[in-house]
Amino acid sequence: MPLLLLSAAAFVSAGSMRVIDPVLHLIATDFGATVAEASILIAAFALPYGVMQIAFGPLGDRYGKLPVMCLALVAFGCASALSATATSLTGLEVLRGATGMTAAGIIPLCLAYIGDHTDYSVRQATIAQFLTGIVLAQVLAAPLGGIIGELFGWRPLFVGTGAVALLAAALLWRARKTAPERLGAGGRLSLRPYAVVLSRPAGRFIVIAALVDGAVLFGPTPFLGAFLHEVHGLSYGEVGLVLALIGVSGFAYTRLATRLVAALGERGLVSIGGGVIAASFATMGLVPSWPWAAALIGLLGGAFFMLHGTLQARATEAAPEARGTAVALFAMALFLGQSLGALAIGTAIGLGGYAAGFSLAAAGVAALTLVLRARL
C-alpha cells in the first residue's frame, strides 16, 4: 500500500479534529453558548474515538486493517456531512460523537499497518513520513476552517470534510487489492488481545503515557484559537493562519525526522520536544501581543511530534502479534486523556483565564517529559 494513500486517510481524520478549532467561538456564538460550554464538542469527538478502539483494533487484526479502514472512512464521511444539519449545540455534540466513533478506525489502523510492514529500526522515520498527512491537515485545516467560517459559517466545513473522506475511502478500496495482508486466526472476536497487551509492562506503560499525553498535549490545543480571538482580537481567518504554524513546524520535523532520530535518539527527542512544549505553554498566556503568541505556537508543531511520535513508535512494538489491538489501546487512552484534559483545561480557563489553563498544561507536559526520560 502506497504510504501516500495512508497519509491521505490520516489527513481526512486529523483535519476533522482540527477544523473547528478556529471557529469554536463562532459555534458557541451561533448557539448562544460560551466557549467553555462549546468546548464539550472536543470531548464529544475524542471520547467516542477512544472508546471505539475496543472494536476497531481486534477487527483490524482479524479481518484486515485496510478493509476495516475503508468502511470506517465511509461511515465517517456520512457522519461528518450530517453534522452540518445540527440545529442545537446538543445535536452537534451527538453528531460529533458519531464522527469520532467512526474516525477511530482510521489513523490507529494506519499506524498498525505500517508497523506490520516495517522494521523497528526505520519505523519512527517511516511513521514521520506518514505523519505528513496529519501535519498538512494541521497546516490547511485551521486556515481553511477560519477563512470558510468567517465567509460562509461553520456548516460547510463539515460537508467538505465528509466529501473528502468518501473520496479517500474510494481510493483506498481500489488500491487494497494490490496490498494483501496477513490476517489473524479465525474464530470469534473477543477482548482477549487487550488482556495480552496489558499483561506486559511495556503495554501498561504505553497506555498510561498515552493517557497523560492526550491530556496535556492534545487537551490545550483547541483553546488556542479562542485565545487568539478573545485576548488578542484576531479574526477567525487570522486565527486559522496563525494556527497553521503548528503544521508548518511539524512538516519541517517530518522532513528532518530520519536525521534527528539518528542524532538524538528517542531520549533526546523526548527531552527537547517536551521542554519546548512546556516552556511554550507556560508563557503563552502571559505574552503582550499576538506575534509573541504566534512565535510560541510555531514552536509547538515540531516539538509535539518529537515527543508524541516517540510514543507512537513504541506503541507499534508493545505487542507485535496483536499490533492493531495495541495501537488501538494506545489511541483509546490518548483520546480519553484528551477528553479529560480538555474538560480540565476548559474549567481552569473559566476560573482563572487562559494563563491558568495553559500553565496547567505546561506542568503536565513537564512531568510527562521527566518520566519518559527516566524510562527510555
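The values are calculated or read from the model by the stated rules, or taken from the named source; none is laboratory data. Just so it is clear, the model here is predicted, and its values are computed rather than measured. Calculation scope for accessible area: heavy atoms of the full protein, side chains included, ligands and nucleic acids excluded. Shrake-Rupley method; radii C 1.70, N 1.55, O 1.52, S 1.80 Å.
In the chain, which whole DSSP H runs stretch at least 30 Å along their own axis (Cα) and average 0.0 or higher on the Kyte-Doolittle scale?
155-175, 236-284, 290-315, 323-352, 354-375
Per DSSP H run of n ≥ 4, the term is -39500 (n - 2.57); total these for the chain, divide by its residue number, and report the mean residue ellipticity at 222 nm rounded to 500 deg cm²/dmol.
On the way: 18 runs with 304 residues, N = 376.
So the helix-based figure for the chain works out to -27000 deg cm²/dmol.
Students often get this wrong, so try it: which of [x] 36, 24, 19; [y] 47, 31, 18; [z] 30, 24, 18 is semi-axes √(5λ) of the Cα gyration tensor in Å as calculated from the structure shown?
[z]
For the chain, modelled as a GNM with alpha-carbon contacts under 10 angstrom, which of 39, 235, 80 fluctuates the most?
Highest fluctuation among the options: 235.
When only C-alpha pairs under 8 Å and at least 6 residues apart count, what is the relative contact order of segment 219-376, in percent?
It comes to 35 percent, rounded to a whole number.
Which of these, 192, 255, 123, has the largest mean-square fluctuation under a Gaussian network model of the chain (Cα springs below 10 Å)?
192
If contacts are Cα pairs under 8 angstrom and at least 6 residues apart, what is the relative contact order of the chain in percent? Mind dumping the intermediate values first?
On the way: 702 pairs, mean separation 107.7, N = 376.
Result for the chain is 29 percent.
Given a 1.4 angstrom probe, I'd like the percentage of the accessible area of the chain that is carbon and sulfur, rounded to a whole number.
The C+S portion of the solvent-accessible surface of the chain is 70 percent.
If you roll a 1.4 Å probe over the heavy atoms of the protein chains, what accessible area per residue do you get for the chain, in Å²?
About 38 Å² of surface per residue is accessible.
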